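Q: Here's a structure for you.
The values are calculated or read from the model by the stated rules, or taken from the named source; none is laboratory data. Just so we're clear, the structure is a prediction, and the values are computed from it rather than from any experiment. Note: ideal-geometry Cβ built from the backbone for every residue, glycine included; neighbour counts use all protein chains shown. The area values use the complete protein model at the heavy-atom level, side chains included, leaving out ligands, DNA and RNA. Shrake-Rupley method; radii C 1.70, N 1.55, O 1.52, S 1.80 Å.
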Amino acid sequence: MRLVSPLVVRSVIFCTTVLSAVPALADTGDRMIDVVSGRTVERPQLTITDGRIVAVGTQGDAVLANARRVDLPGVTLLPGLIDMHVHLTSDPRYSGYRRLDYTDDFWTVVGVANAKKTLEAGFTTVRNVGARNYNDVAIKQGIEAGQIPGPRIVPATYAIGATGGHCDATEFPPSISVPTPAVADGPEAIRAVVRKLRKYGAEVIKFWATGGVLSKTDTVGGQQYDLAKMKALVDEVHMLGLKVAVHAHGTSGIKDAIRAGADTIEHASLADDEAFKLGKAHGTWFSMDIYNDDYILAEGEKNGVFRELLDKERVIGLKQCQTFQAAVKAGVHMIFGTDGGVYPNGDNAKQFATMVTWGMTPLQAIQAATVNAADALGRSGDVGAIAVGCYGDLVGVVGNPLADVRLLEAPAFVMKGGDVVRTH
(Lines give C-alpha, C1' and ligand atoms only; values in the text may rest on other atoms or scores of the structure.)
Protein backbone atom coordinates (compact mmCIF):
# COMPACT_ATOMS: atom_id res chain seq x y z
CA MET A 1 0.00 0.00 0.00
CA ARG A 2 1.07 3.60 -0.52
CA LEU A 3 2.22 6.02 2.16
CA VAL A 4 -0.19 8.94 2.53
CA SER A 5 0.78 12.25 4.08
CA PRO A 6 -1.27 13.72 6.93
CA LEU A 7 -4.55 15.28 5.82
CA VAL A 8 -6.60 17.94 7.58
CA VAL A 9 -10.33 17.23 7.80
CA ARG A 10 -12.17 20.03 9.58
CA SER A 11 -10.80 19.56 13.10
CA VAL A 12 -9.54 16.10 12.22
CA ILE A 13 -6.03 15.10 11.19
CA PHE A 14 -5.93 11.75 9.44
CA CYS A 15 -2.90 9.79 8.36
CA THR A 16 -3.30 6.37 6.81
CA THR A 17 -1.18 3.27 6.48
CA VAL A 18 1.31 2.05 5.31
CA LEU A 19 4.25 0.49 3.69
CA SER A 20 3.97 -3.30 3.71
CA ALA A 21 4.31 -4.37 7.35
CA VAL A 22 4.66 -0.82 8.73
CA PRO A 23 1.61 -0.26 10.95
CA ALA A 24 -0.43 2.90 11.38
CA LEU A 25 -2.15 4.17 14.51
CA ALA A 26 -5.65 5.65 14.48
CA ASP A 27 -6.14 7.76 17.60
CA THR A 28 -9.47 9.51 18.10
CA GLY A 29 -10.21 12.08 20.74
CA ASP A 30 -13.83 11.02 21.09
CA ARG A 31 -15.47 7.61 20.70
CA MET A 32 -16.05 4.42 18.74
CA ILE A 33 -19.23 2.41 18.38
CA ASP A 34 -18.69 -1.29 19.06
CA VAL A 35 -21.53 -2.61 16.92
CA VAL A 36 -21.13 -6.18 18.20
CA SER A 37 -21.73 -5.35 21.87
CA GLY A 38 -23.67 -2.14 21.31
CA ARG A 39 -21.26 -0.28 23.60
CA THR A 40 -19.75 3.13 22.99
CA VAL A 41 -16.00 3.02 23.58
CA GLU A 42 -14.30 6.23 24.70
CA ARG A 43 -10.85 7.22 23.43
CA PRO A 44 -10.27 4.21 21.17
CA GLN A 45 -6.95 3.39 19.59
CA LEU A 46 -6.71 1.24 16.48
CA THR A 47 -3.71 -0.21 14.70
CA ILE A 48 -4.00 -1.22 11.04
CA THR A 49 -1.39 -3.16 9.09
CA ASP A 50 -1.60 -4.33 5.49
CA GLY A 51 -5.24 -3.25 5.34
CA ARG A 52 -6.39 -5.21 8.41
CA ILE A 53 -7.00 -4.22 12.01
CA VAL A 54 -4.33 -5.80 14.21
CA ALA A 55 -5.12 -4.12 17.55
CA VAL A 56 -8.11 -2.41 19.19
CA GLY A 57 -7.33 -0.66 22.46
CA THR A 58 -7.47 2.60 24.35
CA GLN A 59 -5.41 5.74 23.80
CA GLY A 60 -2.19 5.46 25.73
CA ASP A 61 -1.73 1.75 25.06
CA ALA A 62 1.71 0.81 23.81
CA VAL A 63 2.22 0.90 20.04
CA LEU A 64 5.11 0.11 17.77
CA ALA A 65 7.66 2.90 17.49
CA ASN A 66 7.28 3.24 13.72
CA ALA A 67 3.48 3.53 13.75
CA ARG A 68 2.02 6.58 12.01
CA ARG A 69 -0.27 8.62 14.25
CA VAL A 70 -3.85 9.59 13.42
CA ASP A 71 -5.61 12.19 15.57
CA LEU A 72 -9.41 12.38 15.24
CA PRO A 73 -10.77 14.81 17.84
CA GLY A 74 -14.56 15.05 17.96
CA VAL A 75 -15.06 12.06 15.66
CA THR A 76 -17.08 8.92 16.26
CA LEU A 77 -15.71 5.86 14.48
CA LEU A 78 -17.90 3.12 13.03
CA PRO A 79 -17.16 0.11 10.82
CA GLY A 80 -17.43 0.64 7.10
CA LEU A 81 -21.11 0.41 6.19
CA ILE A 82 -22.69 -2.41 4.16
CA ASP A 83 -25.64 -2.07 1.77
CA MET A 84 -27.10 -5.49 1.02
CA HIS A 85 -29.26 -4.43 -1.92
CA VAL A 86 -27.92 -2.14 -4.62
CA HIS A 87 -27.91 -1.90 -8.40
CA LEU A 88 -24.76 0.07 -9.20
CA THR A 89 -25.40 -0.08 -12.95
CA SER A 90 -28.78 1.64 -12.69
CA ASP A 91 -29.67 5.32 -12.57
CA PRO A 92 -33.30 6.35 -11.95
CA ARG A 93 -32.96 9.34 -14.26
CA TYR A 94 -33.01 6.92 -17.20
CA SER A 95 -36.27 5.10 -16.57
CA GLY A 96 -38.89 3.60 -18.84
CA TYR A 97 -38.14 3.80 -22.55
CA ARG A 98 -35.41 6.41 -21.95
CA ARG A 99 -33.02 3.53 -21.30
CA LEU A 100 -33.23 2.67 -25.00
CA ASP A 101 -31.32 5.84 -25.92
CA TYR A 102 -28.11 4.31 -24.59
CA THR A 103 -25.86 1.50 -25.74
CA ASP A 104 -25.47 -1.61 -23.61
CA ASP A 105 -22.05 -0.69 -22.25
CA PHE A 106 -23.28 2.72 -21.07
CA TRP A 107 -24.55 1.00 -17.91
CA THR A 108 -21.08 -0.20 -16.99
CA VAL A 109 -19.94 3.43 -17.18
CA VAL A 110 -22.85 4.38 -14.92
CA GLY A 111 -21.74 1.63 -12.53
CA VAL A 112 -18.20 2.96 -12.36
CA ALA A 113 -19.48 6.40 -11.35
CA ASN A 114 -21.92 4.94 -8.83
CA ALA A 115 -19.28 2.71 -7.26
CA LYS A 116 -17.19 5.80 -6.45
CA LYS A 117 -20.20 7.68 -5.04
CA THR A 118 -21.21 4.72 -2.90
CA LEU A 119 -17.75 4.26 -1.43
CA GLU A 120 -17.37 7.97 -0.69
CA ALA A 121 -20.73 7.80 1.13
CA GLY A 122 -19.17 5.38 3.62
CA PHE A 123 -20.38 2.07 2.17
CA THR A 124 -17.25 -0.03 1.86
CA THR A 125 -19.10 -3.27 1.01
CA VAL A 126 -22.21 -3.79 -1.15
CA ARG A 127 -24.19 -6.70 -2.49
CA ASN A 128 -25.15 -5.96 -6.11
CA VAL A 129 -28.31 -8.00 -6.58
CA GLY A 130 -29.01 -7.75 -10.27
CA ALA A 131 -27.12 -6.47 -13.33
CA ARG A 132 -27.10 -7.16 -17.05
CA ASN A 133 -24.16 -8.34 -19.14
CA TYR A 134 -22.18 -9.36 -16.04
CA ASN A 135 -21.17 -5.73 -15.66
CA ASP A 136 -21.21 -5.91 -11.87
CA VAL A 137 -18.46 -8.53 -12.15
CA ALA A 138 -16.54 -6.21 -14.49
CA ILE A 139 -16.78 -3.35 -12.01
CA LYS A 140 -15.69 -5.61 -9.16
CA GLN A 141 -12.68 -6.72 -11.20
CA GLY A 142 -11.82 -3.11 -12.01
CA ILE A 143 -11.92 -2.16 -8.33
CA GLU A 144 -9.83 -5.12 -7.23
CA ALA A 145 -7.27 -4.42 -9.98
CA GLY A 146 -6.92 -0.83 -8.76
CA GLN A 147 -8.31 0.65 -11.97
CA ILE A 148 -11.27 2.41 -10.37
CA PRO A 149 -12.40 3.26 -6.83
CA GLY A 150 -15.35 1.48 -5.28
CA PRO A 151 -16.60 -0.73 -2.47
CA ARG A 152 -16.10 -4.45 -2.09
CA ILE A 153 -18.77 -5.94 -4.34
CA VAL A 154 -20.62 -9.22 -3.89
CA PRO A 155 -22.10 -9.62 -7.40
CA ALA A 156 -25.24 -11.53 -8.34
CA THR A 157 -24.98 -10.89 -12.10
CA TYR A 158 -28.43 -11.56 -13.58
CA ALA A 159 -31.43 -12.20 -11.35
CA ILE A 160 -33.35 -15.37 -12.19
CA GLY A 161 -37.08 -15.35 -12.89
CA ALA A 162 -40.00 -16.79 -14.82
CA THR A 163 -41.21 -16.00 -18.32
CA GLY A 164 -43.28 -12.83 -18.15
CA GLY A 165 -42.13 -12.17 -14.61
CA HIS A 166 -40.32 -9.34 -12.92
CA CYS A 167 -36.96 -10.00 -14.61
CA ASP A 168 -38.36 -10.55 -18.09
CA ALA A 169 -38.62 -7.80 -20.71
CA THR A 170 -42.35 -7.12 -20.56
CA GLU A 171 -42.42 -3.61 -22.03
CA PHE A 172 -42.13 -4.66 -25.70
CA PRO A 173 -44.47 -6.28 -28.27
CA PRO A 174 -43.86 -9.86 -29.49
CA SER A 175 -42.07 -8.57 -32.61
CA ILE A 176 -39.17 -7.29 -30.50
CA SER A 177 -36.89 -9.96 -29.09
CA VAL A 178 -34.80 -9.09 -26.04
CA PRO A 179 -32.11 -11.42 -24.65
CA THR A 180 -33.20 -12.82 -21.30
CA PRO A 181 -30.46 -15.25 -20.24
CA ALA A 182 -31.75 -15.69 -16.69
CA VAL A 183 -35.38 -16.49 -17.51
CA ALA A 184 -36.06 -20.11 -16.58
CA ASP A 185 -39.32 -21.94 -15.95
CA GLY A 186 -38.65 -25.52 -14.78
CA PRO A 187 -36.50 -26.92 -11.98
CA GLU A 188 -33.76 -28.27 -14.26
CA ALA A 189 -33.65 -25.09 -16.33
CA ILE A 190 -33.42 -23.07 -13.12
CA ARG A 191 -30.56 -25.22 -11.82
CA ALA A 192 -28.70 -24.78 -15.13
CA VAL A 193 -29.00 -21.00 -14.95
CA VAL A 194 -27.68 -21.02 -11.39
CA ARG A 195 -24.60 -22.92 -12.53
CA LYS A 196 -24.08 -20.58 -15.49
CA LEU A 197 -24.26 -17.45 -13.34
CA ARG A 198 -21.82 -18.94 -10.87
CA LYS A 199 -19.51 -19.84 -13.76
CA TYR A 200 -19.34 -16.21 -14.85
CA GLY A 201 -18.76 -14.64 -11.45
CA ALA A 202 -21.91 -14.61 -9.33
CA GLU A 203 -21.14 -14.74 -5.59
CA VAL A 204 -24.79 -14.59 -4.53
CA ILE A 205 -27.84 -15.76 -6.48
CA LYS A 206 -30.93 -13.57 -6.68
CA PHE A 207 -34.32 -14.70 -7.92
CA TRP A 208 -37.77 -13.20 -8.23
CA ALA A 209 -40.40 -15.02 -6.18
CA THR A 210 -43.15 -12.49 -6.83
CA GLY A 211 -43.98 -9.57 -9.05
CA GLY A 212 -42.53 -6.13 -8.50
CA VAL A 213 -43.27 -2.43 -8.58
CA LEU A 214 -41.04 -1.45 -11.49
CA SER A 215 -42.14 -4.08 -14.00
CA LYS A 216 -45.06 -4.07 -16.43
CA THR A 217 -47.82 -6.69 -16.70
CA ASP A 218 -47.39 -8.34 -13.28
CA THR A 219 -48.89 -7.62 -9.89
CA VAL A 220 -46.66 -6.72 -6.95
CA GLY A 221 -47.82 -9.59 -4.78
CA GLY A 222 -48.37 -12.28 -7.40
CA GLN A 223 -46.23 -15.38 -6.86
CA GLN A 224 -44.06 -16.30 -9.89
CA TYR A 225 -42.26 -19.46 -8.72
CA ASP A 226 -43.94 -22.19 -6.70
CA LEU A 227 -42.30 -23.85 -3.71
CA ALA A 228 -40.88 -26.77 -5.73
CA LYS A 229 -39.08 -24.44 -8.15
CA MET A 230 -37.78 -22.29 -5.30
CA LYS A 231 -36.52 -25.37 -3.49
CA ALA A 232 -34.68 -26.60 -6.60
CA LEU A 233 -32.99 -23.23 -6.98
CA VAL A 234 -32.04 -22.82 -3.33
CA ASP A 235 -30.71 -26.38 -3.09
CA GLU A 236 -28.52 -25.84 -6.16
CA VAL A 237 -27.18 -22.54 -4.85
CA HIS A 238 -26.41 -23.87 -1.38
CA MET A 239 -24.71 -26.92 -2.90
CA LEU A 240 -22.37 -24.48 -4.64
CA GLY A 241 -21.65 -22.77 -1.32
CA LEU A 242 -23.43 -19.52 -2.16
CA LYS A 243 -26.31 -17.66 -0.53
CA VAL A 244 -29.73 -16.81 -1.96
CA ALA A 245 -31.44 -13.42 -2.05
CA VAL A 246 -35.13 -13.43 -2.97
CA HIS A 247 -37.14 -10.55 -4.33
CA ALA A 248 -40.54 -11.04 -2.69
CA HIS A 249 -43.24 -8.47 -2.07
CA GLY A 250 -46.21 -10.83 -1.86
CA THR A 251 -47.22 -12.74 1.25
CA SER A 252 -47.35 -16.27 -0.17
CA GLY A 253 -44.10 -15.80 -2.12
CA ILE A 254 -42.30 -14.55 0.99
CA LYS A 255 -43.39 -17.56 3.03
CA ASP A 256 -42.56 -20.11 0.34
CA ALA A 257 -39.12 -18.52 -0.14
CA ILE A 258 -38.44 -18.87 3.58
CA ARG A 259 -39.67 -22.48 3.55
CA ALA A 260 -37.36 -23.16 0.59
CA GLY A 261 -34.38 -22.03 2.65
CA ALA A 262 -33.67 -18.56 1.21
CA ASP A 263 -31.06 -16.59 3.12
CA THR A 264 -32.50 -13.09 2.66
CA ILE A 265 -35.90 -11.74 1.68
CA GLU A 266 -35.73 -8.50 -0.30
CA HIS A 267 -38.54 -5.94 0.10
CA ALA A 268 -40.91 -8.18 2.15
CA SER A 269 -43.61 -5.55 1.67
CA LEU A 270 -46.66 -7.72 2.42
CA ALA A 271 -45.17 -10.04 5.03
CA ASP A 272 -47.63 -11.07 7.75
CA ASP A 273 -47.27 -12.46 11.27
CA GLU A 274 -46.80 -16.00 9.96
CA ALA A 275 -43.98 -14.78 7.70
CA PHE A 276 -42.33 -13.12 10.70
CA LYS A 277 -42.54 -16.36 12.69
CA LEU A 278 -41.20 -18.40 9.79
CA GLY A 279 -38.35 -15.95 9.25
CA LYS A 280 -37.32 -16.05 12.88
CA ALA A 281 -37.54 -19.85 13.01
CA HIS A 282 -35.43 -20.28 9.85
CA GLY A 283 -32.92 -17.52 10.64
CA THR A 284 -33.93 -15.63 7.50
CA TRP A 285 -32.88 -12.00 7.14
CA PHE A 286 -35.30 -9.31 5.92
CA SER A 287 -33.90 -6.51 3.75
CA MET A 288 -36.51 -3.76 3.43
CA ASP A 289 -35.89 -0.73 1.22
CA ILE A 290 -38.18 1.77 2.90
CA TYR A 291 -36.36 4.98 1.91
CA ASN A 292 -36.82 4.89 -1.85
CA ASP A 293 -40.63 5.07 -1.92
CA ASP A 294 -40.79 8.85 -1.52
CA TYR A 295 -38.17 9.30 -4.23
CA ILE A 296 -40.06 7.16 -6.74
CA LEU A 297 -43.29 9.08 -6.24
CA ALA A 298 -41.60 12.49 -6.22
CA GLU A 299 -39.29 12.02 -9.19
CA GLY A 300 -40.60 8.99 -11.08
CA GLU A 301 -42.85 10.73 -13.59
CA LYS A 302 -40.09 13.22 -14.46
CA ASN A 303 -37.61 10.34 -14.82
CA GLY A 304 -39.83 8.45 -17.26
CA VAL A 305 -41.27 5.75 -14.99
CA PHE A 306 -44.36 4.20 -16.57
CA ARG A 307 -47.65 5.47 -15.12
CA GLU A 308 -48.88 2.00 -14.15
CA LEU A 309 -45.71 1.45 -12.14
CA LEU A 310 -46.24 4.66 -10.20
CA ASP A 311 -49.78 3.45 -9.48
CA LYS A 312 -48.32 0.26 -7.99
CA GLU A 313 -45.87 2.28 -5.90
CA ARG A 314 -48.70 4.35 -4.42
CA VAL A 315 -50.30 1.13 -3.21
CA ILE A 316 -47.21 -0.60 -1.85
CA GLY A 317 -44.98 2.17 -0.43
CA LEU A 318 -46.78 2.97 2.82
CA LYS A 319 -47.68 -0.68 3.35
CA GLN A 320 -44.02 -1.66 3.19
CA CYS A 321 -43.13 0.89 5.87
CA GLN A 322 -45.90 -0.41 8.10
CA THR A 323 -44.69 -3.97 7.55
CA PHE A 324 -41.15 -2.89 8.46
CA GLN A 325 -42.45 -1.42 11.71
CA ALA A 326 -44.30 -4.63 12.53
CA ALA A 327 -41.26 -6.75 11.66
CA VAL A 328 -39.04 -4.74 14.01
CA LYS A 329 -41.56 -5.16 16.82
CA ALA A 330 -41.74 -8.89 16.11
CA GLY A 331 -37.97 -9.26 16.40
CA VAL A 332 -37.35 -10.31 12.80
CA HIS A 333 -33.67 -10.47 11.77
CA MET A 334 -33.08 -7.25 9.81
CA ILE A 335 -30.34 -6.08 7.46
CA PHE A 336 -29.77 -2.80 5.63
CA GLY A 337 -30.75 -2.79 1.95
CA THR A 338 -31.75 0.29 0.00
CA ASP A 339 -32.32 -0.74 -3.64
CA GLY A 340 -29.76 1.84 -4.72
CA GLY A 341 -30.32 2.56 -8.39
CA VAL A 342 -34.05 2.96 -7.86
CA TYR A 343 -33.01 6.20 -6.15
CA PRO A 344 -29.59 7.82 -6.81
CA ASN A 345 -26.69 5.67 -5.65
CA GLY A 346 -24.60 7.50 -3.07
CA ASP A 347 -27.64 8.54 -1.03
CA ASN A 348 -27.70 5.15 0.72
CA ALA A 349 -27.29 6.57 4.23
CA LYS A 350 -30.54 8.52 3.96
CA GLN A 351 -32.36 5.29 4.77
CA PHE A 352 -31.05 5.25 8.36
CA ALA A 353 -33.38 8.07 9.41
CA THR A 354 -36.33 6.36 7.73
CA MET A 355 -35.59 3.14 9.62
CA VAL A 356 -35.54 5.08 12.89
CA THR A 357 -38.79 6.85 12.01
CA TRP A 358 -40.42 3.44 11.50
CA GLY A 359 -39.38 1.84 14.75
CA MET A 360 -35.66 1.10 15.00
CA THR A 361 -33.27 2.70 17.42
CA PRO A 362 -30.24 4.36 15.82
CA LEU A 363 -28.07 1.51 17.12
CA GLN A 364 -30.36 -1.11 15.56
CA ALA A 365 -30.26 0.69 12.21
CA ILE A 366 -26.46 0.90 12.35
CA GLN A 367 -26.18 -2.77 13.32
CA ALA A 368 -28.37 -3.67 10.33
CA ALA A 369 -25.72 -2.08 8.08
CA THR A 370 -22.71 -3.54 9.88
CA VAL A 371 -22.64 -6.62 12.09
CA ASN A 372 -26.00 -8.01 10.86
CA ALA A 373 -25.13 -7.51 7.21
CA ALA A 374 -21.73 -9.15 7.70
CA ASP A 375 -23.43 -12.13 9.35
CA ALA A 376 -25.91 -12.43 6.48
CA LEU A 377 -23.01 -12.34 4.00
CA GLY A 378 -21.14 -15.02 5.93
CA ARG A 379 -18.21 -12.59 6.28
CA SER A 380 -18.25 -11.63 9.94
CA GLY A 381 -14.48 -12.04 10.22
CA ASP A 382 -13.83 -9.62 7.37
CA VAL A 383 -16.31 -6.75 7.50
CA GLY A 384 -19.02 -5.18 9.62
CA ALA A 385 -17.06 -4.58 12.84
CA ILE A 386 -14.04 -2.80 14.24
CA ALA A 387 -12.25 -5.90 15.44
CA VAL A 388 -8.91 -7.61 15.12
CA GLY A 389 -8.72 -9.44 11.79
CA CYS A 390 -11.35 -7.33 10.03
CA TYR A 391 -10.47 -5.06 7.17
CA GLY A 392 -9.50 -1.52 8.12
CA ASP A 393 -12.84 -0.19 6.87
CA LEU A 394 -13.89 2.85 8.88
CA VAL A 395 -16.44 5.62 8.72
CA GLY A 396 -16.11 8.70 10.91
CA VAL A 397 -18.67 11.38 11.70
CA VAL A 398 -18.29 14.56 13.70
CA GLY A 399 -20.67 14.05 16.61
CA ASN A 400 -22.60 11.06 17.88
CA PRO A 401 -24.74 9.13 15.35
CA LEU A 402 -26.54 7.38 18.22
CA ALA A 403 -28.00 10.78 19.07
CA ASP A 404 -28.50 11.90 15.45
CA VAL A 405 -28.38 9.09 12.90
CA ARG A 406 -28.51 11.62 10.06
CA LEU A 407 -24.83 12.36 10.71
CA LEU A 408 -24.12 9.23 8.69
CA GLU A 409 -25.36 11.05 5.59
CA ALA A 410 -22.22 13.22 5.59
CA PRO A 411 -19.21 11.27 6.87
CA ALA A 412 -16.12 13.29 7.81
CA PHE A 413 -13.90 10.57 6.44
CA VAL A 414 -14.03 7.13 4.95
CA MET A 415 -11.33 4.45 4.95
CA LYS A 416 -11.34 1.18 3.02
CA GLY A 417 -8.70 -1.42 3.80
CA GLY A 418 -6.43 1.14 5.46
CA ASP A 419 -6.58 3.61 2.54
CA VAL A 420 -8.21 7.01 2.89
CA VAL A 421 -11.14 7.37 0.52
CA ARG A 422 -12.65 10.68 1.50
CA THR A 423 -11.80 13.56 3.80
CA HIS A 424 -13.59 16.90 4.15
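Q: In whole Å, how far is the Cα centre of the range 310-335 from that of the range 247-294?
A: After rounding, the separation between the Cα centres reads 10 Å.
Q: Quick one: angle between helix 292-303 and the longest Cα principal axis of the chain, in degrees between 0 and 90, rounded to 10, please.
A: It works out to around 70 degrees.
Q: Putting +1 on Lys and Arg Cβ atoms and -1 on Asp and Glu Cβ atoms, find which of GLY418, GLY378, ALA368 reaches farthest to the positive end of the dipole of the range 299-424.
A: Value: ALA368.
Q: Let me ask you something else. Which residue, VAL395, GLY300, VAL328, has the largest displacement toward the positive end of the dipole of the chain when charges sit on each Cβ (Lys, Arg +1; Asp, Glu -1)?
A: VAL395
Q: Assuming R0 = 60 Å, what is the FRET efficiency of GLU171 and ASP61, from their Cβ-Cβ distance, to the nearest 0.05? Please list the in-between numbers first.
A: On the way: r = 60 Å, r/R0 = 1.00.
For R0 = 60 Å, the calculated efficiency reads 0.50.
Q: Given Cβ point charges of +1 (Lys, Arg) and -1 (Asp, Glu) and nothing else, what value in debye, to the nearest 20, does the dipole of the range 107-165 about its Cα centre take? Show your work: numbers first, answer last.
A: Values: 6 positive and 3 negative charges, 11 e Å.
Once rounded to the nearest 20, the dipole reads 60 debye.
Q: Mean residue ellipticity at 222 nm from the helices of the chain, using -39,500 (n - 2.57) per DSSP H segment of n ≥ 4 over the full residue count, to the nearest 500 deg cm²/dmol?
A: Working: 11 runs with 129 residues, N = 424.
Counting only the DSSP helices, I get -9500 deg cm²/dmol.
Q: Angle check, please: helix 135-144 long axis (alpha carbons) against the longest principal axis of the chain (alpha carbons), in degrees 0 to 90, nearest 10.
A: Orientation of helix 135-144: about 10 degrees from the principal axis.
Q: How large is the charge dipole for the range 182-253, taken about the Cα centre, if only the Cβ atoms of Lys, Arg (+1) and Asp, Glu (-1) carry charge, to the nearest 20 debye?
A: Values: 10 positive and 7 negative charges, 51 e Å.
With only Lys, Arg, Asp and Glu charged at Cβ, the dipole is about 240 debye.
Q: Within the range 255-384, count lysine pairs with alpha carbon atoms under 20 angstrom apart where the residues are 8 or more positions apart or belong to different chains.
A: Lysine pairs meeting both conditions in the range 255-384 amount to 10.
Q: Obtain the nm distance between the two label points defined at VAL315 and ASP105 by a simple spin-label model: each point lies 7 Å from its Cα along the Cα-to-C-beta direction.
A: Here the answer is 4.1 nm between the modelled labels.
Q: Here's another thing I want to ask about it. Placing one identical point scatterer on every Cα of the chain and ignoring solvent, what is log10 I(q)/I(0) from the Debye formula at q = 0.10 Å⁻¹?
A: Per q value, in the given order, log10 I(q)/I(0) is -0.66.
Q: Quote the relative contact order of the chain in percent (integer), defining contacts as alpha-carbon pairs under 8 Å separated by 6+ residues. Write out the running numbers ahead of the final one.
A: On the way: 1041 pairs, mean separation 82.5, N = 424.
Relative contact order for the chain comes out at 19 percent.
Q: Compute the distance from the alpha-carbon center of the range 361-424 to that of the range 35-95, in whole Å.
A: Cα centroid to Cα centroid, the span is 6 Å.
Q: Now, a different point. Measure off, as a whole percent, the carbon and sulfur share of the 1.4 Å-probe accessible area of the chain, all protein chains present. Walk me through the numbers before you get to the answer.
A: Details: 8570 of 16360 Å².
Of all accessible area on the chain, carbon and sulfur atoms account for 52 percent.
Q: Additional query: What length, rounded to one decimal in nm, is gained on full extension from ASP235 through to ARG195, with 0.36 nm per residue of separation minus their alpha-carbon distance? Numbers along the way, then the final one.
A: Details: separation 40, 0.36 × 40 = 14.40 nm, distance 1.18 nm.
Extra length available between ASP235 and ARG195 comes to 13.2 nm.
Q: Whole number in Å², please: accessible area per residue of the chain, 1.4 Å probe, ligands, DNA and RNA not counted. Walk me through the numbers before you get to the answer.
A: Values: 16360 Å² over 424 residues.
Result: 39 Å² of accessible area for each residue.
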